[in-house]
1. Using amide H atoms built 1.01 Å from N in the peptide plane, name the residues 5+ places from residue 64, or on other chains, whose amide H lies under 5 Å from its own.
2. Quick one: 3J(HN,Hα) in Hz for segment 64-78, Karplus 6.51/-1.76/1.60 with θ = phi - 60°, rounded, Gly and Pro as x.
3. Tell me whether segment 27-95 comes out rounded, prolate or oblate; compute the Cα gyration tensor, take square roots of the eigenvalues as a ≥ b ≥ c, and use a/c under 1.5 as the rounded threshold.
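Bear in mind these aren't lab numbers, they're just calculated from the coordinates by the rules spelled out. Given the structure is predicted, the values throughout are model-derived calculations rather than measurements.
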Amino acid sequence: MLPTLHLTLHHVNIRLIASGHARKKAGTAVDTKPRLLVSISDAREVLGGIGHSTIYELVSQGEIIKVNIGRRGFITSESLDAYVSRLTRSETETA
């Protein structure tokens, strides 16, 4: 089961917090540091539930950056931020 994702746009920066990783214990603060790397599945969800083919097309086009740790692939949060910023900027320019 995938962790619940909370997406907050703050100056068009994506902040991802997996609910299972940021639990609040009595008397302690919640760790809200953004993750540097996001799994392929989580990145797909963050971008609106896009498909596998679409996420890999974005990687091959250089729109987002994929890195591997061992055999696992991840998308950098920074590249997701930049991609959403470019989409937002192009939408406001055409409006």
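1. For residue 64, the qualifying residues are 59.
2. Whole-Hz 3J(HN,Hα) from phi for segment 64-78: 10, 10, 9, 10, 10, 10, x, 9, 8, x, 9, 10, 6, 4, 4.
3. Details: a/c = 2.16, a/b = 1.22, b/c = 1.77.
Note, shape of segment 27-95 comes out oblate.
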